[in-house]
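Undergrad: Below is one structure. I have some questions about it.
The values are calculated or read from the model by the stated rules, or taken from the named source; none is laboratory data. Predicted model, so just to flag it, every value in this text is computed and none were measured. Reconstructed Cβ throughout: ideal geometry from the backbone, glycine too, with neighbour counts over all protein chains shown. Just so you know, the surface numbers come from the protein's heavy atoms only, side chains and all, with ligands and any DNA or RNA stripped out. Shrake-Rupley method; radii C 1.70, N 1.55, O 1.52, S 1.80 Å.
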Amino acid sequence: MVFLSLFLGLLLMTVSENDAAERIEALVIPHSHMDVGWVYTVQESMHAYASNVYSSVVEELSRVKGRKFIAVEQEFFRLWWVNVATDWHKKQVRQLLNEGRLEFIIGGQVMHDEAVTDVDDAILQLTEGHGFLYETFGVRPRFGWHVDPFGASATTPVLFALAGFDAHLISRIDYDLKDDMQKNKKLQFVWRGSPSLKEKQEIFTHTMDQFSYCTPSYLPFSNRSGFYWNGVALFPDPPKDGVYPNMSLPVTKETLELYAQTMVENIKQRAQWFRTSHVLWPWGCDKQFFNASVQFTNMDALMNYINAHSDKYGVTVQYATLQDYFQTVHQTNLSWDVRGNQDFLPYSTEPFQAWTGFYGSRNVLKGVARRASSLLYAAESLFTRYRISFPEGPVQREWALDKLKTLRWAVSEVQHHDGITGTESPKVADMYMEHLMQGMMGAEELLAAIFLLPQTVSNDINHTPQTRSTTVKTNSVNVLEQHVIVYNPLAWNVSTYINISVAYAMAVVLDDDGKAVPSQIQQSMESSTAYDLFFVVELGGLQYRKYIVQFPQLPCDTGSVCGAAHAARVVRFEKKNVSQWKRTGRKLLPVLNECYKLMFDQETNLLHSITDRREKMRVRVQQDFWEYEANGDVHSGPISDNYIFTANGSAIPAYKSVAMEIVPGKVVSEIRQYFYREEEDEKHTYSVVTRVPLGFKGRLACFRLEQSYKVGPLEMNRETVFRTRTSLKNNRTLFTDNNGYQMMKRTHKTFVNNTVARNYYPMVRAAYIEDDSSRVVFLSERAHGVASLSQGQLEVMLHRRLWNNQEWNLGYNLTLNDSSVVRPVLWMMLGSPSALSSLYQQEALELQHRPVVMPIDQPQKQWNPRGFVQPVVLPQNLHMQTLSIPGWSYSPDHTQHLHSLNSGGETNSEMDFDRILLRITHLYEEGEDPVLSQPTVINLKEVMRGIGEVTQVQERSLTGTWIKSELKRWSWKTNESVLKGEQTDFFSSTTQDFNVTIYPKEIRTFFIYFK
Ligand SMILES: [Zn+2]
C-alpha cells in the first residue's frame, strides 16, 4: 500500500545542478508493488492488473534488449505462471532470467509483515516461494526488498542472511530517524540482527530515502502524477480501449526536456544522501506495469535523451535490477557502519501518525492465522512420521501432500503486510479467512485419515473417516463413550490438561492402557446444557494417544475409586460496584496451586496479589479492562484506523461493577470475572477466565496461569486494553519479542505529542516487565499491541472497533468497523527473572503448539498404543521448528538440477517423498541462562530414532535451496575491526557420526533421509 506526500515533490526544485561533483549514475529499477490482498482480493487483482503485469513485462523485455524488471511477490507470479502464461511466455521468462534482465527479489510468496508475524510463518512463506523458484528455474533470490512493511524487525535480516541473501533493503522507518540518517548519509549499514549470531549472520542493508519505493509523484509541468504513463489500474475490469485514468503526458518533443529536468533534479537530490555516486531510482509504485509497453516506450526515450546530454546534466541513467545496484555498491569496497540488533519498531510517519494500531487490528484473523499455522505444523510432522513408518500405507501420498500444500499456501498468503496486519478491506479479510478455513479443513481430513485408517492396505478402505463427531457410541454394557485422540506436535515430553465440551454431568476418562486419568467436570460458562471436561494428558514428543471418555449414567458409589471425574462446583460471589468500594485489600480469598497463591479481593472481585510459593515472593497484581475512546472526525483531530493508533486522552476503566465465580478443582481451579459497563446492566461487557492448573508440581504447566478473554462486540470507536498493574519497579521498561525469535528491551520515551501510541509495541509470542527481584511474563497465541505506560503496568490491546470520516479510509473501506467477538488467550507467569528466563521460551511454544485434540467415532482400525508412535525428544533448549515432506522434485545437487532443467527435466520430474526437511533452532541467547544457553550437541540419528533410521543428512540454507557448504555470501567491510568469525561449522553428509553442535539462536536446516 502507498501513501504519497505531495510536499516531497516540491523539494525537487530546490537542488541546483552544480551540487554534484562527480557524475551520478542512476540505476532505474522497474518494479510493481503488488499487494497480495489489501483493498482487492487476489482474484480481483489478477483480473484487473496483476496478470497483465507479467504478460506485458515479459513481452516488452523480449522486444528491447536493455530493459529490465524485478519480480517480487511470488503468489501472483505463480498464479500467472500456472494459469495464464503461454509456452512462449515461459520460454521467454527462462531466457530473461539467464540474461539477468528479469530478477526474482525476496522470492517469498508475499512481502511479509515484520511486526506481527511469527518467525515460523515468515520462514514458511519464504520457503514456499523459494521452493517453487528453485524447482522451476534453478534460481535462488539473493536480495531483500521490504519496501512496504510498517516498520522493520531485526529478525528479518537474520532470516534473509540464513537464506543466503547478499543484501537487504527496507523503507518504512520512523520519519525523524530517516531524516537524520538521510542528512548524515547513514541510510546504508551492515545489520547484525541477532546479538548471539552477530557477524556470522550480518547483512548489508539499504534504507530507501524519503521518496520510498514510488517514483516521485509530482511533475512541476503537469497536474498528472509522476512517471506513470500507464496510469492507474482500473477495477474490476481493465478498460477495453487500454486507456487508463491519470496516464501521464507522453514523452514528446514538447515534454522531453521537462521530464528530463525533473528526473535529473530528483536523482541529484537523492545522490546527496548516499556515500556512493550511485542512486537507486525505483521506477514504479503500487499496481504498475500492467501496460509495460507504454511505460517502457516513454522511459526509453527519456533515458536516451538524458544519456545523450549527460555532460550537461552530470547524470547517466540505466535500467537495472536490484543485483546491479548492490553489486555496484559492493564493488566500491567502502567500510560501513554496523547496526546492532535494534529493530525499527514502532513506525511513525508524522508526529500523530504512529502505526501501532495494526498490532491489534482484526484480532480474529490474527488468531485464526496462528491456529492454522500450528495445525499445519502438527499435520506436517504427523504425515512425515506416517510416510516413514508406512511408505505403502493407505493414506494416499499425493492426496495428503495436496492437503498440506493448500494450507501452506493459505498460511503463507496471510503473512502479507496487509494480511495478518488487519489493514485490509473487509472482503479481503474474508478471503484470507476462507483460504485458511479451507486449508484447515483439509489438514483435519488428513489427520483423521492418519489416525483412523488401518495402517496397511486392505480392500476395505473406501470409507471416509469421520471426525469431530458428537455422536456418542453405546457399548455392550450400556455405558456411553467417546474416543479422543490427542497429538503432541512438539519434540518434547508434555504434561498438561486439555478441555473438551461434553453433554453429560458425569464422566470417566481412561488412557489407552485403560487406566483412569485425573479429570474434572463442571458446568460450562457458556451454556447450561454443556459441561467442560478437563483431563490430564501425558505425551511424549511427537506422540499421540487415544483417551476414552465414558459417561456413566449412575454415580459411582465408591467415589474416586472408580476414577470418575471430579465434579467441580461453581461458587458465585456477589456483584461489586466500583462506587461502593471501601475497605479494599482486607477480605482476601486465596486460590492456590503448587507454584502460586493468588489472592482475590472480595471487596472488588479483582485479583489482589500473586505469591510465588517457591521463592516466597509476593507481587501486587490488579487486572481489569480499560478503553481508549478514539476520535472518528478528521476535522477535530488525529484519528485511529486500521493502521494508526492515536490515544485521544488516557484510557478509562470500562466497567462500573464486577461479578466473580470461583470453581475450585482437582485439575484446574477456575476464576471467572465478569465486567459490567453500568451498575444496573444485566449482561456483562467483558469477561476473563483464569485457570490455575493443579497437580503439576515440578512441571512446566504448574507455572502457567491461563487467561481467556471475551471481548466484543465493542461500541464504536473503542480500543480495549487489558491492564495488569503490579508492584514491580520497571520504570516503564518493557520487553517484547521480535516475531517470537528474540526479545527487545523497550525503554519508555516521552514525546511532545502522541506519547501513548508511540510507546506501543507488537507482542507476537511474549512480553514481560521486571525489576531486580521479579518478572511478570505474558505469552500469546496471536499478536497484540502492548505497552507499559506507568510504573509496574503492562497493558495489552485486545480489540479495536473504529470508524472515521477520512475520505481515503472511506473510499477503500479501511476504517476497521470490526464488530466481532474476540477470545484471545494469554498465559501469565510470575517469578524471579532468572527462574523465568529458563522457562518462558518453551512455555511460549507449548502455548502455540498445544496438543491437537480430535474427538472421533470408534476407529475402524485396531488401536495399537505401542504402534508407530515412539517419542522423539530434543533437549529443552532446542526446538524442532520444522519436520515436513516438502515434495520438491529438484535434485539436491545444484549442477545436476540445472542440467536437468536445461534438458527440459522440469516437466517430467516427480515429487520426492523421501526428502525430509528438518529445522532445529536453539531457543536461547548467549548468556541468557547459565545452562540452557550453552551450545548443545545432538546426534541426529539418535534423536530421530523414534521415527526411523536416518541414513543421510545434508545441511542446507534456511529455505533449502543451497547446500550450506556451497553458500558463500558477499562479505561487506565494516567500521568495526572484529576478526570475522568463520561461518559456524556446517554439518555435511561427509560427517559420518551424525553429531551436530547447535549454538545459541541458530536455526539449522537439514535434508534428512530415512532407511
Ligand atoms: Zn504493500
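Undergrad: Enumerate the lysines that K597 could reach by cross-link, defined here as Cα to Cα under 18 Å, with residues fewer than 8 away along the same chain left out.
TA: Here the lysines satisfying the reach criterion relative to K597 are K587, K616, K666, K697.
Undergrad: Here's something else I'd like to know. If I histogram all Cα-Cα distances within segment 615-748 using bins 5 Å wide from 0, what percent of pairs lands in each bin?
TA: Pairs per bin, as whole percents: 2, 8, 12, 15, 18, 18, 14, 8, 4, 1, 1, 0.
Undergrad: Listed highest first by mean packing, meaning other Cβ atoms within 10 Å per residue, what order do 90-101, 222-233 come in?
TA: Put in order of decreasing packing, that is 222-233, 90-101.
Undergrad: Let me ask something else about it. Using Cα positions and a limit of under 19 Å, work out the lysines in reach of K745, with same-chain residues fewer than 8 apart set aside.
TA: Within the straight-line limit of under 19 Å, K745 reaches these lysines: K198, K729, K1001.
Undergrad: Another question, then. What translational diffusion coefficient, in µm²/s and rounded to a whole number, does the Stokes-Einstein relation yield for segment 502-549 at 25 °C and a viscosity of 0.890 mPa s, taking the hydrodynamic radius as the Kirkwood radius over Cα pairs?
TA: The Stokes-Einstein estimate is 208 µm²/s.
Undergrad: Just the accessible area for R677, please: 1.4 Å probe, Å², rounded to the nearest 10?
TA: The accessible area comes out at roughly 40 Å².
Undergrad: Ok, one more. Considering only the other residues whose Cβ falls under 10 Å of the Cβ of I485, what net charge follows from Lys and Arg at +1 and Asp and Glu at -1?
TA: Spelling it out: positives minus negatives among the neighbours equals +1.
Undergrad: Related question: Relative to 2.2 N^0.38 Å, what does the C-alpha radius of gyration of the chain come to as a ratio? Two decimals please.
TA: 0.97
Undergrad: For the chain, what is the relative contact order in percent, using Cα pairs closer than 8 Å and at least 6 residues apart in sequence?
TA: In percent, rounded to a whole number, it is 14.
Undergrad: Ordered by packing density, taken as the mean number of other Cβ atoms within 10 Å over each peptide's residues, highest first, how do 687-697, 729-739, 67-77 rank?
TA: So the peptides 687-697, 729-739, 67-77, ranked by packing, come out 67-77, 729-739, 687-697.
Undergrad: Cross-link candidates for K268: which lysines have Cα within less than 19 Å, leaving aside residues fewer than 8 places away along the same chain?
TA: The qualifying lysines are K178, K183, K185, K186, K312.
Undergrad: Sticking with this structure for a sec: Quick one: Cα centre-to-centre distance for segment 603-634 and segment 89-119, in angstrom?
TA: Rounded to whole Å, the Cα centres lie 47 Å apart.
Undergrad: Tell me the per residue accessible area of the chain using a 1.4 Å probe; a whole number in Å² is fine.
TA: For the chain, the per-residue accessible area is 36 Å².
Undergrad: For a quick protection proxy, order the peptides 331-340, 997-1006 by their average other-Cβ count within 10 Å, most packed first.
TA: 997-1006, 331-340
Undergrad: Right, here's the next one. What are the equivalent ellipsoid semi-axes of segment 190-306, built from the alpha-carbon gyration tensor (square roots of five times its eigenvalues), in whole angstrom, biggest first?
TA: In descending order the semi-axes read 33, 20, 11 Å.
Undergrad: Calculate the length of the line joining the C-alpha centroid of segment 649-700 to that of segment 519-598, in whole Å.
TA: Taking the Cα centre of segment 519-598 as reference, the centre of segment 649-700 is 14 Å away.
Undergrad: When the Debye formula is applied to the Cα atoms of segment 509-605, each taken as the same point scatterer, what base-10 log of I(q)/I(0) results at q = 0.11 Å⁻¹?
TA: Summing over Cα pairs of segment 509-605 leads to -0.55.
Undergrad: Provide, as a two-decimal number, the C-alpha radius of gyration of segment 31-106 over 2.2 N^0.38 Å, N being how many residues it has.
TA: Cα-based Rg divided by the globular estimate yields 1.06.
Undergrad: Can you give me the three principal axis dimensions of segment 681-796 from its C-alpha atoms, in Å, biggest first?
TA: Sorted largest first, the three principal extents are 51, 43, 28 Å.
Undergrad: Hey, another quick one. Per residue of the chain, what 222 nm ellipticity follows from adding -39500 (n - 2.57) for every DSSP H run with n ≥ 4, rounded to the nearest 500?
TA: So the helix-based figure for the chain works out to -7000 deg cm²/dmol.
Undergrad: Next question, about the same structure. What's log10 of I(q)/I(0) for segment 563-676 at q = 0.09, 0.19, 0.23 Å⁻¹, Debye sum over Cα points only, no solvent?
TA: -0.38, -1.00, -1.24
Undergrad: Averaged over every viewing direction, what's the projected area of the C-alpha convex hull for segment 728-790? Give it in nm², one decimal, please.
TA: Mean orientational projected area (segment 728-790, Cα hull): 4.2 nm².
Undergrad: Then there's this: So how do K964, K1011, K185 rank on accessible area, 1.4 Å probe, biggest first, that is with the largest at the start?
TA: Correct descending sequence by accessible area is K1011, K185, K964.
Undergrad: Which percent of the accessible heavy-atom area of the chain goes to carbon and sulfur, probe 1.4 angstrom?
TA: 49 percent
Undergrad: Compute log10 of I(q)/I(0) for segment 194-249 with the Debye formula, placing one identical point scatterer on every Cα and leaving out solvent, at q = 0.19 Å⁻¹, to two decimals.
TA: Scattering profile of segment 194-249, log10 relative to I(0): -0.77.
Undergrad: Please turn the phi angles of segment 634-651 into ³J(HN,Hα) values with the Karplus equation 6.51 cos²θ - 1.76 cosθ + 1.60 (θ = phi - 60°), one per residue in order, whole Hz, x for glycine and proline.
TA: Running phi through 6.51 cos²θ - 1.76 cosθ + 1.60 with θ = phi - 60° gives 4, 7, 10, x, x, 10, 9, 8, 3, 8, 9, 10, 10, 6, 8, x, 7, 5 Hz.
Undergrad: Please state the shape class of segment 87-226: rounded when a/c is under 1.5, otherwise prolate if a/b exceeds b/c and oblate if not, all from the C-alpha gyration tensor.
TA: Note, shape of segment 87-226 comes out oblate.
Undergrad: When the expected Rg is taken as 2.2 N^0.38 Å, what fraction or multiple of it is the alpha-carbon Rg of segment 900-967?
TA: 1.57
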